[in-house]
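Undergrad: What follows is a structure written as structure tokens; I'll ask about it next.
The values are calculated or read from the model by the stated rules, or taken from the named source; none is laboratory data. Please read all numbers here as calculations on a predicted model, not as lab measurements. Note: ideal-geometry Cβ built from the backbone for every residue, glycine included; neighbour counts use all protein chains shown.
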Amino acid sequence: MGIKGKIKQLKLTHWFYNLLHYKSLLHNKAAYKKYNIHKPLIASISSKDFPDKASRAWLDVGDSKKLVALKDDFKDFPDDLQQQLASWSENGYIFLKGFFDEATVESVNHEIEKLVQQKKLYPTHDNKLMFANRISPLIKNITLQKQLTGILSFILDKEVVPFQTINFIYGSNQRAHSDSIHMTTYPLGYLIAVWIALEDTTMNNGPLFYYPGSHKMPYLLNNDFNEGETALALGKKEYSDYEDVIEKAIAKKNFEKKVFLAKKGDAFVWHANLVHGGLPVEDPKQTRKSMVIHYYAKDVIKYHEISERPSLMED
């Protein structure tokens, strides 16, 4: 690990950064009080600060086949969606076929292309275009689309707020993982994600893969793979160590691996703990344009387990 990496491991580095962005941490103030967390908002926070490591989400605690039909607004959903919602507890995902029309999808593609050309969006080391929702009113409005947020709020039984968008031009090539190691909540289970196909996916351009039912595994958190943490520094294990552990857990449980060959405009909604990733890109010349939106439930503690940082939320 180089000097830059060692600096990032220091918790004081994060505390100073959090202090500079203090207003973006105020969303946690009421939740800290609600769940008896007696720490400064700028301080590091992780699962070790909480008394339990289990989801309290209603469709994790109970069975969606019995629960969803008891809610008045369930009948407002189309039949296919009702059936999928009834299987949420078992599967941990739903498909929304053709949810976004051609005009909406193309408006996103044009917007992302424009932001990149204007150098307002830069690819990360792993070719992700992060937080377009914070600089583009068009992208922000899509994250707030009422039909979509209505479905997500129904699943969590809480109001949802968009945290981030991630846009991809090419397939992610990402190994199996759960989003909850990156974007975590207390209580657990109150993150939800939407993946949107901005063009058709094929076996050649790196489609999404996922493991139905994997969301029911225990949450894999820092104590399950990391070591060497101190009061002033993060643990010494790398993210690849986390990926190794979760792949072994999936293999041990013998979950079936499925691939989502999406059509342009399709959306895939998944549980906070559903294990998923991106298949290798067989043809590097082919794009796989897509956008992920991550949502938190509004009234829970929001943080990042792997880096022990509280989440910065924009108004």
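Undergrad: Can you find a residue that is buried (at least 23 other Cβ atoms within 10 Å of the Cβ) and either of a type in the set (Asp, Glu) or within 28 Å of ASP299 (Cβ to Cβ) (or both) anywhere in the stretch 215-231?
TA: Yes; the residues of the stretch 215-231 include at least one that is buried (at least 23 other Cβ atoms within 10 Å of the Cβ) and either of a type in the set (Asp, Glu) or within 28 Å of ASP299 (Cβ to Cβ) (or both).
Undergrad: Related question: Checking the structure you have, find out if any residue of the stretch 257-271 is on the phi > 0 side of the Ramachandran plot, out of contact with any Pro (no Cβ under 6 Å at 6 or more places or on another chain) and touching a residue at least 40 places away in the same chain (Cβ under 8 Å).
TA: Yes; the residues of the stretch 257-271 include at least one that is on the phi > 0 side of the Ramachandran plot, out of contact with any Pro (no Cβ under 6 Å at 6 or more places or on another chain) and touching a residue at least 40 places away in the same chain (Cβ under 8 Å).
Undergrad: Right, something else. Being modelled with pLDDT of 95 or more and in a loop (DSSP other than H, G, I, E, B) is the requirement here; does LEU25 meet it?
TA: So LEU25 fails the test.
Undergrad: Let me ask something additional. What's the total number of residues in the stretch 112-129 that are within 15 Å of ILE196 (Cα to Cα) and not basic (Lys, Arg)?
TA: Within the stretch 112-129, residues that are within 15 Å of ILE196 (Cα to Cα) and not basic (Lys, Arg) number 2.
Undergrad: Please find, among LYS248, LYS263, LYS253, the residue that is in contact with a helix residue (DSSP H, G or I) (Cβ under 8 Å, 6 or more places away or on another chain), more than 28 Å from ALA30 (Cβ to Cβ) and loosely packed, with under 14 Cβ neighbours inside 10 Å.
TA: Details: LYS248 fails: in contact with a helix residue (DSSP H, G or I) (Cβ under 8 Å, 6 or more places away or on another chain); LYS263 fails: in contact with a helix residue (DSSP H, G or I) (Cβ under 8 Å, 6 or more places away or on another chain).
Only one candidate passes the filter, namely LYS253.
Undergrad: If you don't mind, another one. Could you check the stretch 14-35 and list, in sequence order, the residues that are among the basic types (Lys, Arg) and within 14 Å of SER311 (Cβ to Cβ)?
TA: At the first step, the residues of the stretch 14-35 found to be among the basic types (Lys, Arg) are 23, 29, 33-34.
Passing the criteria: LYS23, LYS29.
Undergrad: Which pairs do you get when a residue that is surrounded by 21 or more Cβ atoms within 10 Å (Cβ to Cβ), found in the stretch 157-168, comes within reach of a residue that is β-branched (Val, Ile, Thr) and part of a loop (DSSP other than H, G, I, E, B), reach meaning Cβ atoms under 9 angstrom, with the pair 6+ apart or on two chains?
TA: So the pair list comes out as PHE168/THR287.
Undergrad: I would also like to ask the following. Report whether or not ASN133 is within 15 Å of the chain's Cα centre (by Cα) and in a helix (DSSP H, G or I).
TA: yes
Undergrad: Among the residues of the stretch 97-127, which ones are closer than 24 Å to ASP315 by Cβ and surrounded by 18 or more Cβ atoms within 10 Å (Cβ to Cβ)?
TA: Of everything in the stretch 97-127, those that are closer than 24 Å to ASP315 by Cβ and surrounded by 18 or more Cβ atoms within 10 Å (Cβ to Cβ) turn out to be VAL108, GLU111, ILE112, LEU115, LEU121.
Undergrad: Sort through LYS146, LYS71 and tell me the only one that's touching a helix residue (DSSP H, G or I) at 6+ places or on another chain (Cβ under 8 Å), of a type in the set (Lys, Arg) and either farther than 21 Å from TYR296 by Cα or surrounded by fewer than 18 Cβ atoms within 10 Å (Cβ to Cβ) (or both).
TA: Only one candidate qualifies: LYS71.
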